[in-house]
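Scroll down for the structure; my scribbles are underneath it.
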Amino acid sequence: MNPHVECGRHSGIPECCIQWFVTAWSNYVYINSDLRNKYLLVNDNVGYIRCPTCIANRSVIKIKECDCYVEEKEN
Ligand SMILES: [Zn+2]
Ligand SMILES: [Zn+2]
């Protein structure tokens, strides 16, 4: 399982945003720095990458702490 997907779910990120992150964001937006910067502006500093639908709806969730990163640091 993709760690972004797993930890996205642990953090409470909506499934729509997770799916958008692992598809359009990773394959298309992230690799284009102009597009990426524009997207990050509209995404706002919410702590995770929102999908276009959540941005349009101004839907923001509060990120929960995920233990996975703690375990990674200890290793
Ligand atoms: Zn996790
Ligand atoms: Zn979403």
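Taken together, the values in this text are just the output of simple stated rules run on the coordinates, not laboratory data. Since the model is a prediction, treat every value here as computed from it, not as a measurement.
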Q) For region 20-70, what is the Kirkwood hydrodynamic radius in Å, using each pair of distinct C-alpha atoms? A) 11.9
Q. Which whole-number percentage describes the relative contact order of region 3-74, with Cα contacts under 8 Å and a sequence gap of 6 or more?
A. 41
Q) Using alpha carbons only, how many degrees (0 to 90, rounded to 10) separate the axis of helix 33-43 from the longest principal axis of the chain? A) 80
Q: Quote to one decimal, in nm, the extra length available between LEU35 and ASN57 on full extension: 0.36 nm per residue of separation minus the C-alpha distance between them.
A: 5.9 nm
